[in-house]
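S.K.: Questions regarding the structure given below will be posed in turn.
The values are calculated or read from the model by the stated rules, or taken from the named source; none is laboratory data. None of these values were measured; they are calculated from a predicted model. All Cβ positions, even for glycine, are placed from backbone atoms using ideal geometry, and neighbour counts span all protein chains on display.
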Amino acid sequence: MSELFSPALSGAVAGLGVAMPMGAMSVLLLQEAMRHRRTAVAAAAGIAAVDLGYAALATAVGPWVASRVSPVEAWIRLFAAAVLLSIAAHALHRSARPASSTPPAPPPPGDRPPGDGTGSGGGAGGAGAVRAFGRYVGLTAVNPTTALYFAALTTAQASALTTPATAGAFLVGVAAASLLWQQTLVALGAFAGRRISPAARAWTFRLGYGLVAAYALKIAFPLPDLA
């Protein structure tokens, strides 16, 4: 079991790195939780499912790619680290701009479309949750940064994900961390609503991409031999 702990921990850090930055999807999820917690729980699962799907695809392809270029494995790691660092640097640069205003308050009950999962009608049941899951899967899947993030990460870590067990442990870590964070946002949205300040959102954004940057430095070393 001890040999699975490291890839599981790596997966958890990777999952938090992609999930914690509070961008547009996090704001939407908070708004969903403010309206109806049940649909927000399904929406959070949809976001985590996409993170897991991209991670699984990258885990399947990354080691195969890396095995074909093993003579330059150190350079592959360095390139992947550069990609991750550029993602983190770009995001952290954007986070230095003035924070946006807090999410708008949910519309009053009379202004909500019927069956949106916010009332006691049919939309608040399983159908509303299924629709929320599908909607957030679609919204998250169109973000190319998530795919690029996991592709760079898993290609650089190919030597550590060579068996089904280690790859599975990595994916469990990704899924668990992503789902836990998204469900934490749901709980915060349902409990705190608009009391979550722009400053708090900005710091989670910075912390998440700080994890990405730290992960990039971890996989960059040891540096390629220039001799």
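S.K.: Determine if segment 33-43 includes at least one residue that is modelled with pLDDT under 85 and over 18 Å from Phe170 (Cβ atoms).
M.R.: Scanning segment 33-43 turns up at least one residue that is modelled with pLDDT under 85 and over 18 Å from Phe170 (Cβ atoms).
S.K.: Filtering segment 132-149 down to residues that are at pLDDT 90 or above and not aromatic (Phe, Trp, Tyr), which residue is surrounded by the fewest Cβ atoms within 10 Å (Cβ to Cβ)?
M.R.: Only one residue tops the list, namely Gly134.
S.K.: Scanning for something within 13 Å of the chain's Cα centre (by Cα), farther than 22 Å from Arg131 by Cα and part of a helix (DSSP H, G or I), does segment 18-31 turn up at least one residue?
M.R.: Yes, segment 18-31 has at least one match.
S.K.: Hey, among Thr184, Thr204, Thr163, which residue is modelled with pLDDT under 75 and of a type in the set (Ser, Thr, Tyr)?
M.R.: Thr204
S.K.: Only residues that are over 17 Å from the mean Cα position of the chain (by Cα) and modelled with pLDDT of 75 or more: list them for segment 55-74, please.
M.R.: Within segment 55-74, Ala60, Val61 qualify.
S.K.: Conditions first: (1) of a type in the set (Lys, Arg); (2) modelled with pLDDT of 70 or more; (3) more than 19 Å from Leu153 (Cα to Cα). Arg195 passes all but one, so which condition is the exception?
M.R.: That leaves (2) as the condition not met.
S.K.: Could you grab the pairs with beta carbons closer than 8 Å, sequence gap of 6+ or different chains, first residue in segment 47-60 and farther than 19 Å from Tyr136 by Cα, second one polar (S, T, N, Q) and assigned to a helix (DSSP H, G or I)?
M.R.: Ala58/Thr154; Ala58/Thr155; Thr59/Thr154
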